[in-house]
Each structure stands twice: as structure tokens, then as C-alpha cells.
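Undergrad: Encoded as C-alpha cells, here's the structure I'll be asking about.
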Amino acid sequence: MRIVYHHRTRSTDAQRIHIQEIVRAFEDLGHQVEVVSLVPLDAGQHNAERDAGDALWKRLVRKIPFAYELAQLGYNLVGVPMLLRSLLRKRADFLYERYALFNFAGLIAAWLFRIPLILEVNSPFALEQARDREIRALRFAAWTERFLCNHAARVIVVSTPLARLLEQAGVAAGKIEVMVNGVSLDDFQPGAASDELRQRLGIAGRLVIGFVGWFRKWHGLELLLEAFLHSGLGSRGVRLLLLGDGPAMAELREFAAQHQMGESVVFPGPVPHAAVPAYLDLIDVAVQPAANEYCCPMKILEYMALGKPVIAPAQENILELLSKEEACFFTPRDVASLSAALLTMAGDRERARRMGMAARTAIEERGFLWSENARRVIAMMAQEPSAAPAVEPALGVSQREPQA
């Protein structure tokens with residue numbers, strides 16, 4: 001098949017990884033993929049600092065009422081011509097689009113060329129951007145999200161809670177397919193930790209509890225620091241490794257300094273994604289301190305692929321990935337519960353080892369692989385070879401579509 005993949009991202013961090021991996025998985029299966037976007041897929045590939053921050057234009061327009069909505073809508077003036085140019089060169093079998101709020105480009109192009117549109121939804125942006133007070137046109141945002149999803153051939157979501165949120169927002173349940181994120185086992189193979197890296201970070205001979213990701217408020221790193229302090233593990237020689245960077249870094253360093261956590265907390269800074277496995281090899285116990293209720297944390301899957309025992313909050317979207325045989329769960333946002341989980345895993349190395357082995361096995365048994373996701377998408381399109389978005393040329397609202 002020939003696939004056109006369209007996205008409206010800066011190609012940063014998890015977004016870039018997700019796009020690159022699913023494109024590679026399609027290609028490994030023998031399909032042709034053309035990526036259509038403003039930003040090259042490898043932009044900032046080796047610039048970890050770029051991944052940690054927001055684009056300048058976003059920081060500016062968020063301060064002006066309705067400017068963020070207008071900026072996102074304005075993308076269609078560029079996105080539609082880009083897609084039409086690609087589809088005119090050679091007809092595609094289907095269009096695969098990473099969903100973005102107010103982005104009608106994929107829907108318009110798919111309708112004009114009478115090809116199916118698969119919409120991959122990683123977040124309910126109407127809800128998310130309203131929560132973060134980034135947008136003010138809330139009813140219009142909710143309508144566009146509902147409209148786009150209802151007129152795609154299929155809607156792929158990364159968790160059951162996300163599927164439920166879309167259904168509650170008015171998206172037809174029959175269009176929604178739950179497909180959690182994946183991992184490439186070729187890139188994440190368990191290995192021996194580098195002695196040189198251990199020495200350089202000052203963790204040689206230490207039990208290491210770790211987190212890898214971007215330091216943002218919703219990642220719960222302040223909770224992890226507080227729980228680690230409460231556990232007293234630092235005084236027993238255990239080290240907490242926090243790999244990454246982001247807006248919350250200054251507060252985290254300040255907390256560690258105020259509580260004299262000094263040597264017990266290690267901040268190596270950001271590293272390119274290709275270097276992450278080497279740092280993960282240093283970690284004995286991996287932690288996902290927090291997650292919103294609808295995401296599918298890619299880091300958990302990477303921890304599992306490397307055979308790391310995981311500590312994670314007991315919430316529905318996390319329980320879709322891990323069982324009690326593969327993780328130690330704690331009550332979400334509860335410092336005492338997380339502290340107890342840290343003590344449990346640090347105190348029972350054999351149990352932790354068994355959990356890590358079980359997590360690695362679960363990746364393949366449950367098909368948490370990019371290659372499996374690509375196969376499922378191709379199977380969907382084989383079942384709907386002639387599907388196309390049922391919209392009017394002027395994107396008029398159908399009789400069945402709820403009004404904003």
C-alpha cells in the first residue's frame with residue numbers, strides 16, 4: 001500500500017518517536033510511506049534541549065485571547081495544499097493523520113481524493129487545551145474534535161479511558177479502535193550497565209531508582225522527590241536518577257537543595273533518545289510517578305522492554321499496560337503510598353528481578369510493538385478498501401452532526 005502520513009507537530013520527543021516508529025513499521029512491512037509536514041521528521045533529532053521547551057510562537061500567542069485558536073486554524077491554509085500536492089503526485093491508498101485540534105487538512109484532502117482517513121488521537125485536545133487555559137473557544141473546539149473524529153474512517157486512540165472520553169463527547173463508538181503505544185525491541189535490548197557511565201554519574205555500586213522523560217508539572221516528579229525523601233532510601237546509599245530536562249527542572253533542583261538531598265539525587269540532564277537505553281541500563285527500578293488519566297506513557301513500554309521492574313500509579317490506563325506481576329502499584333498522587341512502593345522494591349531485589357523479566361515477556365505476548373500496531377492498521381484498511389470521509393464539499397454539518 002501507499003500511505004501518506006500527515007502531522008502538525010514540531011517533531012519533538014515522544015511525538016517524533018511515535019511518528020518515526022510507526023512510519024518505520026509500515027515500511028518494514030513493505031508499504032510505501034510519504035510523510036507530509038511543515039517540520040522535517042528528524043528535526044532536532046540530536047538536540048535534547050529543543051525537545052524540552054515550547055516553540056516561541058506558542059508562548060506568544062497563548063497570551064492573546066483567541067490567538068492560539070486562530071493560529072491552529074491558520075495551519076489549514078498551508079496543510080491542505082501540502083497534502084494535495086503529495087496526493088496529486090501519486091494516489092495513496094489511505095491517509096494516516098496524527099490528530100491536532102482545528103486541523104481540517106487531512107479530512108479535506110481525503111474527501112477530495114475519496115480515500116480513507118485514519119485519525120490517530122493521542123490526547124483529547126479540546127479538553128486538554130481548555131484545562132490548560134490555552135484556548136477560549138471551548139464549544140467550537142469540542143465541535144471540531146467531534147466533527148473530525150466522526151468523519152474519519154477510523155479513529156485510533158491510545159487508551160480505553162481516551163476512547164471513553166471521545167464517546168462521551170459524541171464520537172461514534174464504532175469508529176474507535178484502542179491501540180496502545182508500542183516499542184521496538186531492536187532498539188531496546190537489556191544490556192550491562194556501563195561502568196564508565198556509573199563512575200561518571202557517581203552511582204557505582206549503588207541501587208538506582210530512576211525516571212527518564214521531560215520534567216513537566218503533570219509528570220509528578222515533585223511527588224517522586226518527596227516520596228524518595230520520605231522513604232529515607234537516600235541515607236541508605238540508594239540513588240535517584242532523574243534523566244531529562246524541562247520547565248520543572250529549576251523547582252526540582254531547588255527542592256533537592258533545600259532538603260539536602262545532594263548526592264542521593266542525580267540530574268544528568270537531557271540526552272538524545274538514541275542514548276536513552278544506555279542510561280536505562282543503569283536503573284534497577286524504574287518509576288512512572290504520575291500520568292494523566294487518558295495517556296499511554298511510552299516510557300513504561302521502554303522500561304518493560306528492557307526488563308525493568310516498574311513502580312506506577314494504579315489507574316486504568318496504566319493497568320492496561322501492566323499487571324501486579326510486572327509492577328508495584330501505588331495510590332495516585334499519594335506520597336506515602338509511593339514511598340512505601342519505593343521501599344518495597346528497594347528491599348526485595350529478587351521480587352524486582354522477577355517483575356522485570358515478566359514485564360519483558362509481556363511486551364511480546366500482548367503485542368505492545370510498533371510492528372504489531374502497523375499490522376493492525378493495514379488490516380483495518382483491508383476491511384474498508386473504499387471508505388472515505390462522508391462530508392460535504394464545503395465541510396457543512398450533516399443532519400446527524402450535533403451543533404456547537
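The values are calculated or read from the model by the stated rules, or taken from the named source; none is laboratory data. The structure displayed is predicted, hence computed values, not measured ones. Don't worry about glycine lacking a Cβ; one is built from the backbone with ideal geometry, like all the others, and counts go over all protein chains shown.
Undergrad: Which members of the range 172-193 meet the condition of being among the small types (Gly, Ala, Ser) and assigned to a loop (DSSP other than H, G, I, E, B)? Show your work before the answer.
TA: Quick first cut of the range 172-193, residues among the small types (Gly, Ala, Ser) only: 172-174, 182, 184, 191-193.
Passing the criteria: ALA172, GLY182, SER184, GLY191, ALA192, ALA193.
Undergrad: Further, regarding this structure: Please enumerate the residues belonging to the range 156-208 that are basic (Lys, Arg) and closer than 22 Å to ALA291 by Cβ.
TA: ARG164
Undergrad: Restricting to the range 326-365, what's the tally of residues that are under 15 Å from ALA286 (Cα atoms) and assigned to a loop (DSSP other than H, G, I, E, B)?
TA: Residues flagged as under 15 Å from ALA286 (Cα atoms) and assigned to a loop (DSSP other than H, G, I, E, B) within the range 326-365 amount to 2.
Undergrad: Further, regarding this structure: Assuming GLU372 fulfils every condition listed in (1) of a type in the set (Asp, Glu); (2) in a loop (DSSP other than H, G, I, E, B); (3) at pLDDT 95 or above apart from one, which condition is it?
TA: Exception for GLU372: condition (2).
Undergrad: Report whether or not GLU364 is buried (at least 23 other Cβ atoms within 10 Å of the Cβ) and of a type outside the set (S, T, N, Q).
TA: Numbers: buried (at least 23 other Cβ atoms within 10 Å of the Cβ): no; of a type outside the set (S, T, N, Q): yes.
No, not satisfied.
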